[in-house]
Amino acid sequence: MKRPTHGGNLAWAASLASCPPSVILDFSASINPLGPPKTAIAAIESGRQDLVAYPDPNYYQLRVSLSQLHPTLDPDWILPGNGCAELLTWACRELAQLEETCLITPAFSDYRRALKAFAGKIREYLLELDIAGCPIPNLLSPNPNFLGLLLNNPHNPTGCLWDKEEILPYLEQFALVVVDEAFMDFLPPTQQQSLIPMVQEHPNLVILRSLTKFYSLPGLRIGYAVAHPERLQRWQQWRDPWSVNALAAAAARAVVQDTEFQQTTWAWLESARSQLFQGLMQLPGLQPYPGAANFLLVKSEQSSSQLQEKLLKQSQILIRDCLSFPELGDRFFRVAVRTPLENQRLLEALSVICHL
């Protein structure tokens with residue numbers, strides 16, 4: 001099988017480890033290990049009766065539920081999608097109409113995919129990696145009003161969280177700013193740096209959000225965009241009808257109201273991430289970078305692809321190599337934060353390899 005670009009490819013990992021996919025302990029996909037929430041399962045069960053009918057093409061009830069997460073927004077400012085990836089496609093269709101799109105690298109590979117699908121031109125700005133933090137590169141340009149900006153916060157793959165005050169000036173300088181906040185909900189509300197409250201003041205701002213990572217629902221494909229209603233209406237005309245299936249819509253309406261699951265996740269992540277970070281720090285040849293999300297970037301003295309292969313064959317553990325981030329190459333890997341017992345299993349397996 002061809003080496004995957006994204007994490008979570010258990011079929012590829014199982015073929016390399018010579019075991020069933022169900023045996024693989026997956027640290028390559030940054031998905032909440034506590035879910036799916038019971039409320040999501042219950043909603044899917046009760047939603048089976050809706051399978052005989054087409055979903056509401058406007059997803060009004062779903063947009064109302066999502067607007068409850070952002071009380072200042074009317075539902076018309078929200079568009080659900082078939083995962084964040086679908087909505088990224090439409091954002092990049094608009095970005096591609098500009099002279100260039102500024103992209104902070106290393107960057108999620110789907111950004112380039114979506115921009116190139118519409119022949120968009122890309123101007124790259126390299127992020128300076130530092131264990132003390134990763135400041136946004138200087139993005140000033142002679143003609144910023146003809147350019148777009150695409151970035152994510154927290155940043156993937158470094159996990160760096162940028163203060164919203166660092167991003168706000170660019171809203172006055174770029175024709176279109178798209179901020180991917182797919183991992184923002186892993187931070188408690190008091191720590192989040194979301195620009196969603198600024199959308200109504202800035203018609204050139206688009207925010208993308210995922211519901212699959214925090215609520216552990218990647219197989220359902222559900223996310224949403226926050227932007228000016230006129231822009232979202234345009235996207236609705238571009239895309240296929242009924243892009244969100246009835247079960248995904250039902251699960252999404254349930255989980256956004258599950259405050260108990262949200263609190264449990266925030267409590268789990270802080271301690272589990274600290275445990276994993278400290279454990280990685282103690283292993284020879286590894287340098288983890290502090291992160292605000294549910295994953296950690298790690299620099300390795302060994303080849304990350306070889307390390308990945310050893311972990312699979314020896315321990316049936318899958319980590320994410322960073323070969324899809326060309327700027328990082330084969331000396332970095334990324335690991336999701338999982339439960340304390342699973343984190344410990346990874347640390348013990350890495351210890352055996354690092355001490356050889």
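The values are calculated or read from the model by the stated rules, or taken from the named source; none is laboratory data. Just so it is clear, the model here is predicted, and its values are computed rather than measured. Glycine gets a Cβ as well: all are built from the backbone with ideal geometry, and neighbour counts include every protein chain shown.
Residues that are among the charged types (D, E, K, R) and part of a loop (DSSP other than H, G, I, E, B) within the stretch 51-79 comprise Asp56, Asp74, listed in sequence order. Comparison of Leu69, Leu62, Leu51 shows that the only residue that is surrounded by 12 or more Cβ atoms within 10 Å (Cβ to Cβ), modelled with pLDDT of 90 or more, assigned by TED's automatic domain parsing to the domain that holds Trp235 and within 25 Å of Gln237 (Cα to Cα) is Leu62. For the criterion of being within 24 Å of Tyr224 (Cα to Cα), among the hydroxyl-bearing types (Ser, Thr, Tyr) and free of Cβ contacts under 8 Å to residues at least 24 places away in the same chain, Thr190 passes.
Taken over the stretch 1-40, the residue count meeting the criterion of being farther than 18 Å from Lys313 by Cβ and modelled with pLDDT of 85 or more is 12. Highlighted here are the strands (runs of 3 or more DSSP E) found entirely within the stretch 275-356 that include at least 3 residues which are closer than 20 Å to Glu128 by Cβ and under 24 Å from the mean Cα position of the chain (by Cα): 295-300, 332-336.
Mind listing whichever residues of the stretch 145-183 are charged (D, E, K, R) and either assigned by TED's automatic domain parsing to the domain that holds Leu328 or not in a helix (DSSP H, G or I) (or both)?
Asp163, Asp180, Glu181
Exactly one residue out of Leu115, Leu69, Leu139 is among the aliphatic types (A, V, I, L, M) and within 16 Å of Ile207 (Cα to Cα): that is Leu69.
Taking the stretch 213-232 as the search range and keeping residues that are buried (at least 24 other Cβ atoms within 10 Å of the Cβ) and hydroxyl-bearing (Ser, Thr, Tyr), which one is nearest to Val177 (Cα to Cα)? Residue satisfying both the conditions and the ranking: Tyr224.
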